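Okay, so here's the structure we're looking at.
The values are calculated or read from the model by the stated rules, or taken from the named source; none is laboratory data. A quick note: this is a predicted structure, and the numbers were derived from the prediction, not measured. Reconstructed Cβ throughout: ideal geometry from the backbone, glycine too, with neighbour counts over all protein chains shown. Each accessible area value is taken on the protein alone, full model and side chains, heavy atoms only, with ligands, DNA and RNA left out. Shrake-Rupley method; radii C 1.70, N 1.55, O 1.52, S 1.80 Å.
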Amino acid sequence: MDTLHLVLEEFGDRGIYARVEGALGETMTLNEVIAAEFATVTAPLEEVIEWLLENTKIRPGFAELARERRPLIVSSGFHETIEPLLEREGVLDAVELRANRLDARPDGWRVLFRAEHRCGTCGEPCKRQDLPEDGEVVYVGDGYSDRCVALAADRVFARDGLADWLAAQGVPFEPLTDFRALASRL
Ligand SMILES: [Zn+2]
């Protein structure tokens, strides 16, 4: 569910996207990149949510898996834009969501980051702190913010940038296609 990227493509300044993504992990932290990107979004939140509901699909099998497994979702996105999609899928109450929040100001959105601590491994506020202490952890991810935490999970299902990065690090993972295929392998 990469709603961040979709919202930026539709409502943000594409120039800033190209500029700051290159700095990610080099001169800017992930949170600095997200803050700079969303400061260029000025559309009313209701308009963005309506657009997301019309234009985004969640991969097949997600709702069934969510109802059965009640996963923890840790996102670099926003409660305000993710919850309407979970509600549409009928799983808002089936999952635990940890995400950032928004102050969607008309002169540019401000991101209210949920975590300010620095991870001992990657040095950024990171999802690793959200992993449960006990039990087998199966992690599913696709992006930059999934890298550090994926290294701490017992099993990883990955696609896109995360899959490329894990492969380059020599870290084993299973490819993520959709959630039905994933469920059949749990
Ligand atoms: Zn980390």
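With only Cα atoms counted, the stretch 98-186 has Rg and Dmax values of 15.1, 46 Å.
Amide H to amide H distances under 5 Å link VAL140 with PHE157, where only residues 5 or more positions off or on other chains count and H is placed in the peptide plane. Expressed as a whole percent, the accessible surface of the stretch 52-95 that belongs to carbon and sulfur atoms is 43, based on a 1.4 Å probe.
Per q in 0.20 1/Å, what log10 I(q)/I(0) does a Debye calculation on the alpha-carbon atoms of the chain return? Cα-only, vacuum Debye calculation for the chain: -1.66. Here the 3J(HN,Hα) profile of the stretch 175-186, calculated from phi with Karplus coefficients 6.51, -1.76 and 1.60 at θ = phi - 60°, is x, 9, 9, 9, 7, 5, 4, 5, 4, 6, 9, 8 Hz, Gly and Pro shown as x.
Just flag the GluC sites (Glu not before Pro) in the stretch 95-186 sitting in loop per DSSP whose Cβ has no more than 13 other Cβ atoms within 10 Å.
GLU116, GLU133, GLU136
For the chain, the list of Cys residues with no other Cys C-beta under 4.7 Å is empty.
I'd like the FRET efficiency for LEU112 and ARG70, computed as 1/(1 + (r/R0)^6) with the beta carbon distance as r and R0 of 45 Å, rounded to 0.05.
E between LEU112 and ARG70, to the nearest 0.05, is 0.95.
Averaged per residue, the stretch 43-184 has 54 square angstrom of accessible surface, using a 1.4 angstrom probe with ligands and nucleic acids left out.
Close amide-amide hydrogen proximity is noted between LEU176 and ALA158, ARG159, each under 5 Å apart and 5 or more residues distant or on a separate chain (H modeled in the peptide plane; Pro and chain starts excluded). Take the Cα of LEU186, go 7 Å toward its beta carbon, and the backbone nitrogen atoms of the stretch 44-83 under 13 Å from that spot belong to 61-73. The ALA43 and GLN129 beta-carbon pair, evaluated with R₀ = 45 Å, returns a calculated FRET efficiency of approximately 0.90. Computed from phi, the 3J(HN,Hα) profile of the stretch 11-23 under the Karplus parametrisation 6.51, -1.76, 1.60 (θ = phi - 60°) reads 10, x, 8, 5, x, 5, 4, 4, 5, 7, 4, x, 8 Hz, with x in place of Gly and Pro.
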